[in-house]
Each structure stands twice: as C-alpha cells, then as structure tokens.
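The values are calculated or read from the model by the stated rules, or taken from the named source; none is laboratory data. Not measured: the values here are computed from a predicted model. In this analysis, Cβ positions are derived from the backbone assuming ideal geometry, glycine residues included, and neighbour counts consider all displayed protein chains. Heavy atoms of the whole protein, side chains included, go into the accessibility calculation; ligands, DNA and RNA do not. Shrake-Rupley method; radii C 1.70, N 1.55, O 1.52, S 1.80 Å.
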Amino acid sequence: MARRSMREEIVGAGLRRFHELGYNAAGVKDITDEAGVPKGSFYNHFESKEALAVEALERYGAGLRLTDLADGSVAPLARIRGHFEFMRDRIVALEGRQGCLLGNLGAEVADHSEVIRSAVAGGWRSWVALLSAAIAQAQAAGEVGPTDPEATARFLINAWEGTLLEVRVTASVEAFEPFFALAFGRLLAP
C-alpha cells in the first residue's frame, strides 16, 4: 500500500493532536513524531503551527459531513436530526472525549491568534448557513413552525457546543438527551 504524502501525514497527525490535546499542548515535535516524519520537515510544508491548525480545521469540517444538511433527497428535518445524530455518535465513539474542534480551538486560541480565530469563525459561519437553510426548508415543508432560521441555527449550534462541554465535564453522554428532546421536541416542531 502506498504511503500518503508527508504533508498529509502531518495534517492527519496535527488534526488528531489538536483535537486530543488542544492547540497549546500539541507541539510540533509531538505532531511530527505521530506523523512519523522528521521535525525539520514540518517547516517544508507549513510556515507555522497556526497554518497547520487552519488546515486541520478545514479537514475536521469536511469530516463532519456538513454538506449532508443540503442533501435535497432527504426531508429537511430528517437531515437536521441526522446531522446532530451523526456528530453525537462520533462523540459517543470517543467516550465523550475531545468535543468539537471548532469549539475547542475557538475557546482556547481565538483571543490569541487572529489566524485561527478567523478560520474558526469561517467554519462557524458555514455551519450556520447550512443549518439555517435546512431549517428554512423544513419550515417550507411544514415540518417546523415559525422561527427565524438563522437565529435558530445559531442557537442550536451554541446549545450543541454547550452540550459537548457538559459531556466532557461530566464524563457522561446523558447531556445529549435534553438537547435532542428540546431541539426536536419543541424548537424544531410544527
């Protein structure tokens, strides 16, 4: 089996280390050791650890399958619920550890790195836009009652990030229950 490129190995290792340890605790040497590449090669591919973090955020976003929110072959409310169920299942598989990389890096680094803050904000805006469009489509289909789609999308994402924090702090996935009950039993109801 052909080995992935050195750059790809570094991006994959950086994503895993940032997600597992956080930005500040993930050193370049940790990342290159996990990637199985010499530390000196890091700077042949990235001008800084910040540049790697931006690419890791993009890779993380792609792994969240956010574009599933725009899949017109699935009913809008089912798409929205499926989106949050997919993300919940990822967190459960990690035994509640790690949370969301967007939220993690946003909380940890946004005040200290304009480059990372901007990347997180861009990911957040994309997520809000896709979720908002799906909510508007659910309204048009009569699946969801009157609500401001963008404000509702922002609220759901903020509630989701808070839920992930509770899951990590309590080491229990029970926090998902009230999120799903309120999001789909009340907020996104006809």
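For the criterion of being closer than 20 Å to L21 by Cα and either assigned to a helix (DSSP H, G or I) or open to solvent by 20 Å² or more (accessible area, probe 1.4 Å) (or both), A129 fails.
Among the candidates A159, A181, A175, A136, the residue that is of a type outside the set (D, E), farther than 22 Å from N24 by Cα, in contact with an Asp or Glu (Cβ under 8 Å, 6 or more places away or on another chain) and in a helix (DSSP H, G or I) is uniquely A175. Selection over the range 91-125 of residues that are under 18 Å from N158 (Cα atoms), in contact (Cβ under 8 Å) with a residue 60 or more places away in the chain and open to solvent by 60 Å² or more (accessible area, probe 1.4 Å) gives a count of 0. Looking across the range 10-47 at every residue that is touching a residue at least 12 places away in the same chain (Cβ under 8 Å) and hydroxyl-bearing (S, T, Y), the one that is farthest from C100 (Cα to Cα) is identified as S41. When you look at E85, is it part of a helix (DSSP H, G or I) and in contact with a helix residue (DSSP H, G or I) (Cβ under 7 Å, 6 or more places away or on another chain), yes or no? No: the conditions fail for E85.
Using the structure shown, decide if E34 is more than 15 Å from the chain's Cα centre (by Cα), more than 30 Å from V144 (Cα to Cα) and outside any loop (DSSP other than H, G, I, E, B).
Judged against the criteria, E34 is a match.
When P149 is tested against the conditions (1) open to solvent by 50 Å² or more (accessible area, probe 1.4 Å); (2) more than 23 Å from R59 (Cβ to Cβ); (3) not basic (K, R), the lone failure is (1).
Residue by residue, here is whether (1) among the charged types (D, E, K, R); (2) assigned to a helix (DSSP H, G or I); (3) more than 19 Å from F176 (Cα to Cα) holds:
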residue	(1), (2), (3)
A13	no, yes, yes
A25	no, no, yes
E50	yes, yes, yes
D68	yes, yes, yes
V74	no, no, yes
V92	no, yes, no
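One residue stands out among those in the range 2-19 that are open to solvent by 30 Å² or more (accessible area, probe 1.4 Å) and either touching a Pro at 6+ places or on another chain (Cβ under 7 Å) or among the aliphatic types (A, V, I, L, M) (or both): the one that is modelled with the highest pLDDT, which is L15.
Cβ separations smaller than 7 Å between residues 6+ apart or across chains give the following pairs from the range 163-190 residues that are more than 18 Å from C100 (Cβ to Cβ) and at pLDDT below 95 to residues that are among the small types (G, A, S) and open to solvent by less than 20 Å² (accessible area, probe 1.4 Å): A189/G145; P190/G145.
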